[in-house]
Amino acid sequence: MNRIIFLFILMTAFENSFAQNTTLVLEQYNRYRETSLSDRRFKHDDIEKLIKKREGGGVFKVKEEGKSAENRAIYSLEIGNGPIKLLLWSQMHGDEATATMALMDLFNFFDSHDEFDAFKKDLLSKVTLYFIPMLNPDGAARFQRRTAMDIDMNRDAVRLQSPESNILKNKRDQTNADFGFNLHDQRRLYSVGNTPHPATISFLSPAYNYAKETNEVRANSMKLIALLTRELQEYIPGNVAKYSDEFEPRAFGDNIQKWGTSLILIESGGYPGDRDKQYIRKMNFYSILRSFEVIASGEYKKENIANYDKIEFNDQQFVDVMIKNATVEQFGSSFKLDIAINQSEISYDEFRKYRLQGQIEDVGDLSVFYGYETFDASGLTAVPGKVKPGNYSLEELKKLNAIELIKEGYLYVMTDQKLTDDQRFKLNVVGSGKSIPAMNFKLGNQADFILLNGNKPVAAVMNGFIIDLTKPLSAEVYGHIY
Ligand SMILES: [Zn+2]
């Protein structure tokens, strides 16, 4: 064999043996994705099934750790027999569900037999993993932050009055874990510092005292975060931030760091076109599995803490929709306004589903803010939409030619039909006996207005959705039901 070719093959083999396993696993992510979970509004029953099927003889040791205030079982899953212990818990805030989905995906990964078996075997000889998914199932039932007792678990780490808090504290003390992963969600409206990038993933190595000192325990999680932040740029360039490190004496993260477990907080934030956080779920899967890999190998120890310090802090510079430089006629004069709009989730079907409601968040000079979507309304005048008279039947509502009506200045149609939360119509619908609130560009009002070029409508905002009248209506757009 040609010596050069031989050398090339040798080098390639050498390189492959050092390729990051996590990157290769991520390429096969769809194989492990738990398909029964496809948005953030699943409940205890949905994940209990996925946990209980792993009881008895599988690769995981499943244990019921206790019950929530409303008697829902909280489980731990254990895998591995290595000397380095890692404890992960998700959803201590009931409406912060992204990481729970990623944990279910990871369970599928560890439960499968494939080309990654050697990687798993090696990993699990070095680390022991303890998971507690959905620590606050009562909050998840209502899709709310707090527990059934209305306690914020993350302010109960010292007083330990909620049963759920005790489960976490006991597991931390039993395992005396080397690393702890505190898995949360934050609002999608956080930015990476003052940049036009939403904070898709935010990390924190919490302070363990008011002076925000660094000891070895904290340094380890800082190093791990520095490594993950650098590597995540491959998938979400510019979208990784750092959460505020003000010491909170009642929080779990801060105390667990103080108790000697290197703590890494992962906050799932926002990403364009990903309101249900499915890509962010995948980024959680990556971040967590890659953490296992570099903790097992010790690779994170080579990182420089200065790189942690350089990560931008979270800032709140984002809104869902930004309309720039609109002209608004008010008080007998004309004013230039930026109009910021957020679309909040209105829950229905026992918190399993939601519809969006677009409201005005802010007006004025909003040049320091960024929108997931932005529309430059320079030269355009914003005016309220009109109500189309008549009584629309359900069939007519379903077949509305919204673009044509909006071009005539209408944003509302009327009906005496009984409507349900599941229905989506292409315009705002006003039920009989209902009226629409005055549209005057005040904060908290519905975000519904037409943008005129002279007298001609060229764009509109309806229920917070931007509608460009030169283009077909996007399938995602729907109106509010009054
Ligand atoms: Zn949280």
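Of all residues in segment 144-181, those that are outside any helix (DSSP H, G or I) and open to solvent by 30 Å² or more (accessible area, probe 1.4 Å) total 13. Screening R424 against (1) open to solvent by less than 70 Å² (accessible area, probe 1.4 Å); (2) in contact (Cβ under 8 Å) with a residue 40 or more places away in the chain leaves a single unmet condition, (1). From the list V240, V192, the one residue that fits, being away from the ligand (no atom under 16 Å from the Cβ), within 20 Å of T98 (Cβ to Cβ), in contact with a Leu (Cβ under 7 Å, 6 or more places away or on another chain) and touching a residue at least 60 places away in the same chain (Cβ under 8 Å), is V240.
For the residues A141, A97, the requirement of being touching a residue at least 60 places away in the same chain (Cβ under 8 Å), within 16 Å of the ligand (Cβ to nearest atom) and small (G, A, S) singles out A97. For segment 103-129, a tally of residues being farther than 17 Å from N21 by Cα and either within 15 Å of the ligand (Cβ to nearest atom) or open to solvent by 20 Å² or more (accessible area, probe 1.4 Å) (or both) returns 0.
Scanning segment 231-287 for residues that are outside any loop (DSSP other than H, G, I, E, B) and among the polar types (S, T, N, Q) yields a total of 7. Is it the case that some residue within segment 296-303 is acidic (D, E), at negative phi and outside the structural domain of D39 (by TED's automatic domain parsing)? The answer is no; no qualifying residue exists.
Total residues in segment 195-207 satisfying the condition of being away from the ligand (no atom under 15 Å from the Cβ), under 22 Å from A306 (Cβ atoms) and either of a type in the set (F, W, Y) or open to solvent by less than 10 Å² (accessible area, probe 1.4 Å) (or both): the figure is 2. For D45, the requirement of being open to solvent by 10 Å² or more (accessible area, probe 1.4 Å), within 16 Å of the ligand (Cβ to nearest atom) and outside the structural domain of F351 (by TED's automatic domain parsing) is not met. When D156, D150, D245, D185 are screened for being within 16 Å of the ligand (Cβ to nearest atom) and at positive phi, only D150 passes.
Within segment 445-472, can you find the residues that are among the small types (G, A, S) and either part of a strand (DSSP E or B) or open to solvent by 40 Å² or more (accessible area, probe 1.4 Å) (or both)? If the condition is that a residue be among the small types (G, A, S) and either part of a strand (DSSP E or B) or open to solvent by 40 Å² or more (accessible area, probe 1.4 Å) (or both), then G454, A459, A460 are the ones that fit. Here is the figure for segment 159-176: residues that are within 16 Å of the ligand (Cβ to nearest atom) and either over 15 Å from W259 (Cα atoms) or of a type in the set (S, T, Y) (or both) total 3. Would you be able to say whether some residue in segment 455-465 is β-branched (V, I, T), at pLDDT 95 or above and assigned by TED's automatic domain parsing to the domain that holds I360? Checking segment 455-465: at least one residue is β-branched (V, I, T), at pLDDT 95 or above and assigned by TED's automatic domain parsing to the domain that holds I360. Looking at G371, G364, G431, G385, just one residue is closer than 30 Å to F42 by Cβ and open to solvent by less than 30 Å² (accessible area, probe 1.4 Å), and that residue is G371.
The values are calculated or read from the model by the stated rules, or taken from the named source; none is laboratory data. This is a predicted model, so every value here is computed, not measured. Counting neighbours? That spans all protein chains shown, and the Cβs are built from the backbone with ideal geometry, glycine included. Quick note on the areas: whole protein, heavy atoms, side chains included, nothing else; ligands and nucleic acids left out. Shrake-Rupley method; radii C 1.70, N 1.55, O 1.52, S 1.80 Å.
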